[in-house]
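Worksheet: one structure, shown below.
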Amino acid sequence: MSLLIKNGRIITATDDYVGDVFIEDESIVAVGKNLPQRATTIIDATGLLVMPGGIDPHVHLDMPFMGTFSSDTHETGTRAALFGGTTTVIDFVLQKQGHSLHEALAEWNGRARGTAVGDYSFHMAVTDYNDETKKEIRQMVEEEGITSFKTFMAYKGALMIDDRQMTALMQEVKKCGGLVTVHATNGDMIDYLIAKHRAEGKLSPLYHYLSQPEVTEAEASARFADIANYTGCPGYIVHLTCEGALNAVRNATRRNQTVFVETCIQYLLLDAELYEKDFEGAKWVMSPPLRKGKDRETLWAGINQGLVRVVATDHCPFLWKQKLMGEKDFSKIPNGHPAIENRMELLFSEGVQKGRIGLNKYVEVASTNAAKIFGLWPRKGTLAPGSDADLVLFDPNEKHTLSAKTHHMNVDYSAYEGWDLTGKVKTVILRGRVAIDHNQCLVEKGYGQFIKRNKV
Ligand code: URP
Ligand code: ZN
Ligand code: ZN
């Protein structure tokens, strides 16, 4: 089977020219100008951008969390991702405290294998680091192709590890050739502020925001950078939201340290004033919370400065009835918001169309950098001979409006309801097969493959 995409504007992290992509079976064979016009199927991409499939390295599918499960399964979540131009996601396996990493992996495999529609990989979240867990780190890297280990400096009493465990884990992960990622906020301070607000009867979603001030993130980001520097382990901060935290990373560069930074689309676009909408603010209850205009400006600049390398989603959707679990107490609102389907189009419309980032930078932060950081490169994240044929054909001028009525995520509201966007995903190709076309999904449940990742 062969497929020729012809006359598209080919955009990678470095290229921008009109040309063709020739695909055989699951892989790209050639990319260039005036390729031979012979193939089983030919798609004319005149007027469209042709880009590598998006990679969202931060999603939570079917995840047990705060007394419920995130509402997108591996089937519905990866399908929605495809509709939005994201061909690969990296989901989080959560170790249960007192249990092994392998037990957790078996549980996640049970949910994802044979159900995912798009490609996926796993990060392993270490919530209980001890002598037994230590032995499993190398096995995860060498045997399972899981090379990134997620840690939480927050969610005290549930997922949080302390600095002792963090230091020991980082030493081991470095030896094994992996990377440690972190939810970097000060769990003790947040725990205290939540308890204080509850004791004072301050129970609305606004107090979720006020329990996680910027300093909690700035402090933990600096501490994480210091521990990473001491251990020499590669470090990656997930969902960084604010100026104080980015400055901590900037400071680390002064000693020639690299700390990879991910932000998420919501922190580039949404303002904390949404928490003032009484309980409707629960739609945006997530951790860390939304911030202020000065933080968004810092993050956009951070992208262009090369400090913020990835724009992900932290997709962790809950139905409205699940959000209502916290109607009388903000601390019981399941944390997370839906965006897996919207990321690429939002980033294009608000980023590229509004002149905040260029097209090459767009591909870099939406796909290429995640592939490089997480050991998927060059299989994913680029258009090159030998790479998986994961492509997005994108109309940069088509206008459309986001709505829960038309999205494919399994959630009954949209965090971006009524947003008018310019730029739309038209056709998505996953490992050589047309997966999305004319607003239809053409690949079946189970087509998505688990992708083993390389050492970093
Ligand atoms: O609110 C969030 N972010 N929910 C998902 C879990 C996490 O902290 O990433
Ligand atoms: Zn987090
Ligand atoms: Zn998350």
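Observations on the model:
- Listed by chain and number, the lysines whose alpha-carbon sits under 17 Å from that of LYS332, ignoring those within fewer than 8 places in the same chain, are LYS156, LYS196, LYS202, LYS283, LYS321, LYS323.
- Per residue, the accessible area of the chain comes to 36 Å² when a 1.4 Å probe rolls over the protein heavy atoms.
- For region 206-222, 3J(HN,Hα) computed residue by residue from phi via the Karplus equation (6.51, -1.76, 1.60; θ = phi - 60°) reads 4, 6, 4, 4, 6, 8, 10, x, 3, 4, 5, 8, 4, 4, 5, 5, 5 Hz, glycine and proline entered as x.
- Per residue, the convex hull around the alpha carbon atoms of region 68-183 comes to 110 Å³.
- Amide H within-cut-off set for PHE65, under 5 Å, with H built and near neighbours excluded: SER70
- Equivalent ellipsoid of region 376-456: semi-axes from √(5λ) of the C-alpha gyration tensor, largest first, are 27, 16, 14 Å.
- Rounded tilt (10° steps) of 243-253 against the dominant C-alpha axis of the chain: 80
- Available extension along the chain between ARG113 and GLU417 is 106.2 nm, counting 0.36 nm per residue and deducting the alpha carbon span.
- Helical content of the chain, expressed as a calculated mean residue ellipticity at 222 nm, amounts to -8000 deg cm²/dmol (DSSP H runs of 4 or more residues, -39,500 (n - 2.57) each, divided by residue number, nearest 500).
- Spin-label model, SER403 to ARG138: label points 7 Å out along the Cα-to-beta-carbon direction sit 5.8 nm apart.
- Region 104-161 versus region 258-333: alpha-carbon centroid distance in Å: 24
- Of the solvent-accessible surface of region 87-133, computed with a 1.4 Å probe over protein heavy atoms with every protein chain present, carbon and sulfur atoms account for 49 percent.
- Three principal axis extents describe the C-alpha atoms of the chain; from largest down they are 69, 48, 44 Å.
- Stretch gain in nm, segment GLU444-GLU200, where the contour uses 0.36 nm per residue and the Cα spacing is subtracted: 82.7 nm
- Local electrostatic count, GLU172, Cβ distance below 11 Å [Lys/Arg +1, Asp/Glu -1]: +3
- Taking amide H positions as modeled 1.01 Å from N, with prolines and chain starts lacking one, the residues under 5 Å from MET286 and 5 or more places away or on another chain are GLY336.
- Angle between the chain longest axis and helix 74-83 axis [Cα atoms, degrees, rounded to 10]: 50
- Comparing Cα centroids, region 71-96 and region 359-432 end up 13 angstrom apart.
- Distance between the 7 Å Cα→Cβ label points at LYS33 and PHE279: 6.2 nm.
- The GluC sites (Glu not before Pro) of region 143-250 that DSSP puts in a loop, and whose beta carbon has at most 12 other beta carbons within 10 Å, are GLU200.
- Loop-located trypsin sites (Lys or Arg not before Pro) across region 242-281 with a Cβ neighbour count of 11 or fewer within 10 Å are ARG254, ARG255, with loop assigned by DSSP.
- For a label point 7 Å along the Cα-to-beta-carbon line of ASN304, residues of region 339-357 with backbone N under 19 Å: 347-357
- Estimated vicinal HN-Hα couplings, Hz - region 349-362 in sequence order (Karplus 6.51, -1.76, 1.60; Gly, Pro = x): 5, 7, x, 6, 4, 8, x, 7, 9, x, 5, 5, 5, 4
- With both labels modelled 7 Å from their Cα along Cα-to-Cβ, the ASP437 to ASP329 distance reads 5.3 nm.
The values are calculated or read from the model by the stated rules, or taken from the named source; none is laboratory data. None of the values given here were measured: they were computed from a predicted structure. Ideal geometry is used to build each Cβ from the backbone, glycine not excepted, and the neighbour counts take in all protein chains shown. Quick note on the areas: whole protein, heavy atoms, side chains included, nothing else; ligands and nucleic acids left out. Shrake-Rupley method; radii C 1.70, N 1.55, O 1.52, S 1.80 Å.
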